[in-house]
Amino acid sequence: MEEIQFDFGKILIHPSFIVEIINEGVMMDYEQMDLLYQLSSNYYLNRPFGYISCTSSNESELAQSKVKS
């Protein structure tokens, strides 16, 4: 798994899915959404992948679910 930190949150890249954890209170704008689109396009070019999005307040809950790739 690779983790990439941004000012609006972080991205966790797994072999078959991506997890986007947005900081509490952040309203995503076009540039941030485009950045995520470009990132996912580069990592998963021509391959299907899953996409999970949550806020930082749900991060511990997500970690406890023990999602494995």
So how many residues does the range 22-34 have that are in contact (Cβ under 8 Å) with a residue 12 or more places away in the chain and either assigned to a loop (DSSP other than H, G, I, E, B) or open to solvent by 70 Å² or more (accessible area, probe 1.4 Å) (or both)? 4
Take the residues in the range 1-15 that are assigned to a loop (DSSP other than H, G, I, E, B) and open to solvent by less than 60 Å² (accessible area, probe 1.4 Å); name whichever of them is farthest from ILE52 (Cα to Cα). PHE8
Cβ pairs under 8 Å, 6+ apart or interchain, first in the range 35-53 and closer than 15 Å to GLN5 by Cα, second open to solvent by 100 Å² or more (accessible area, probe 1.4 Å), ordered by first then second residue, are SER40/TYR51
Out of the residues in the range 1-33 meeting the condition of being aromatic (Phe, Trp, Tyr) and touching a strand residue (DSSP E or B) at 6+ places or on another chain (Cβ under 8 Å), tell me which one is nearest to ARG47 (Cα to Cα). PHE17
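The values are calculated or read from the model by the stated rules, or taken from the named source; none is laboratory data. This structure is a prediction, so every number in the text was calculated from the model and none was measured. Virtual Cβ from ideal backbone geometry, glycine too; neighbours counted across all protein chains shown. Heavy atoms of the whole protein, side chains included, go into the accessibility calculation; ligands, DNA and RNA do not. Shrake-Rupley method; radii C 1.70, N 1.55, O 1.52, S 1.80 Å.
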